[in-house]
Amino acid sequence: MKHLAPLLLIVAACGGKAASTTPGNTGGAASGPPYAALFEQGKSWTFALTFKSQPPPDVGPPSSGPAGTMTCTVAMAHAMDDRQMAKIECTADGDHVASDGYAPAGYWVATADGLWHFDGDKTMDEVHAAPLDPKLMLIAATPAERHEETGDMDQGEELQSVSATAKDGGWCVGYAFAMGDEAGWQLCFGSDGQIASGNWFDAGATTNETSYVAK
């Protein structure tokens, strides 16, 4: 079975070194899980973007630089049965913006157990009906560090990985998948419970990564 450690290293490059944090302690954030702000209707964040690209040596040199500004807004949030559900939509003033499959964009689902992410190209009803795989839970409601993998490419299955890491009084969550090419994302909540930073990437012959930091 191929493991996603290289992918998580790429994703974690934006997050830096994980700090030692007691599970459940978000360093002074409001009561509740560290991701509660994802479910506030109308909540908005603005981020400064940086893009970097690493093509094969025979294709061209690496490049990096500022990539404009992105704004992400909780366009819809409400409870359905035992689930809190929200959809975040993002816009940007340049060519780089988080698509429906990359956080912060897409659907977020929280239960008494923890947090999940779904692509935004589904409907709210489809997301509501979707099973919540415990192995794909990003972080528990009472946060604790975790790393889970599911799938086996040797058996023709998509390999998926999720992680939760304590950092600077807050928490980072990440998701990556591989089936030939690889892609993934990371999102970090600050000690105040707001989205502080993150990134998304795709890695085929060329690795492209967009990082964002709250303004």
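Looking at this structure, is P61 open to solvent by 30 Å² or more (accessible area, probe 1.4 Å), out of contact with any strand residue (DSSP E or B) (no Cβ under 8 Å at 6 or more places or on another chain) and assigned to a loop (DSSP other than H, G, I, E, B)?
The answer is yes for P61.
In the set (1) within 17 Å of L187 (Cα to Cα); (2) at pLDDT 95 or above; (3) open to solvent by less than 40 Å² (accessible area, probe 1.4 Å), the condition left unmet by G120 is number (2). Within the range 64-83, the set of residues being touching a His at 6+ places or on another chain (Cβ under 8 Å) and either closer than 28 Å to H128 by Cα or surrounded by 19 or more Cβ atoms within 10 Å (Cβ to Cβ) (or both) comprises A67, M70, M80, D81, R83.
Residues that are within 25 Å of E209 (Cα to Cα), modelled with pLDDT of 90 or more and assigned to a loop (DSSP other than H, G, I, E, B) occur in the range 74-94; there is at least one. Quick check: is even one residue across the range 89-99 crowded, with 19+ Cβ neighbours inside 10 Å, within 17 Å of Q194 (Cα to Cα) and not acidic (D, E)? Checked against the condition, which is being crowded, with 19+ Cβ neighbours inside 10 Å, within 17 Å of Q194 (Cα to Cα) and not acidic (D, E), the range 89-99 yields at least one hit. Contact map, the range 139-166: first residue over 21 Å from F118 (Cα atoms) and of a type outside the set (D, E), second residue part of a strand (DSSP E or B) and open to solvent by 50 Å² or more (accessible area, probe 1.4 Å), Cβ cut-off under 7 Å, separation 6 or more or different chains; pairs are M153/M179. Scanning the range 128-151 for residues that are open to solvent by 20 Å² or more (accessible area, probe 1.4 Å) and under 23 Å from E209 (Cα atoms), we see that the one that is nearest to the chain's Cα centre (by Cα) is L136.
Against the numbered list (1) surrounded by 18 or more Cβ atoms within 10 Å (Cβ to Cβ); (2) closer than 16 Å to W45 by Cβ; (3) not basic (K, R), Y175 comes up short only at (2).
V162 meets the conditions (1) open to solvent by 10 Å² or more (accessible area, probe 1.4 Å); (2) among the hydrophobic types (A, V, I, L, M, F, W, C); (3) closer than 24 Å to A36 by Cβ in every case but one. The failed one is (1).
Close contacts from the range 94-112, counting a first residue that is over 16 Å from L187 (Cα atoms) and a second that is in a loop (DSSP other than H, G, I, E, B), with Cβ to Cβ under 6 Å and a gap of 6+ residues or different chains, come to T111/D82. Residue by residue through the range 111-164, note down the ones that are out of contact with any strand residue (DSSP E or B) (no Cβ under 7 Å at 6 or more places or on another chain) and not in a loop (DSSP other than H, G, I, E, B). Once the filter is applied, which keeps residues that are out of contact with any strand residue (DSSP E or B) (no Cβ under 7 Å at 6 or more places or on another chain) and not in a loop (DSSP other than H, G, I, E, B), the range 111-164 yields D125, E126, A129, P134, D154, Q155. The residue list D113, D154 contains one member that is modelled with pLDDT of 95 or more, exposed (fewer than 15 other Cβ atoms within 10 Å of the Cβ) and more than 29 Å from T46 (Cβ to Cβ), which is D113.
Evaluation of D125 against the conditions (1) loosely packed, with under 15 Cβ neighbours inside 10 Å; (2) in contact (Cβ under 8 Å) with a residue 12 or more places away in the chain shows that the sole unmet condition is (2). Pick from the range 97-110 the residues that are in a loop (DSSP other than H, G, I, E, B) and out of contact with any Pro (no Cβ under 7 Å at 6 or more places or on another chain): which of them is modelled with the lowest pLDDT? By that ranking, first place goes to D100.
Here V173 passes the criteria (1) closer than 18 Å to A36 by Cβ; (2) over 11 Å from the mean Cα position of the chain (by Cα); (3) in a strand (DSSP E or B) except the one numbered (2).
The values are calculated or read from the model by the stated rules, or taken from the named source; none is laboratory data. Just so we're clear, the structure is a prediction, and the values are computed from it rather than from any experiment. Quick reminder, even Gly has a Cβ in these numbers, built from the backbone with ideal geometry, and neighbours come from all protein chains shown. These area figures cover heavy atoms from the full protein model, side chains too; ligands, DNA and RNA do not enter into them. Shrake-Rupley method; radii C 1.70, N 1.55, O 1.52, S 1.80 Å.
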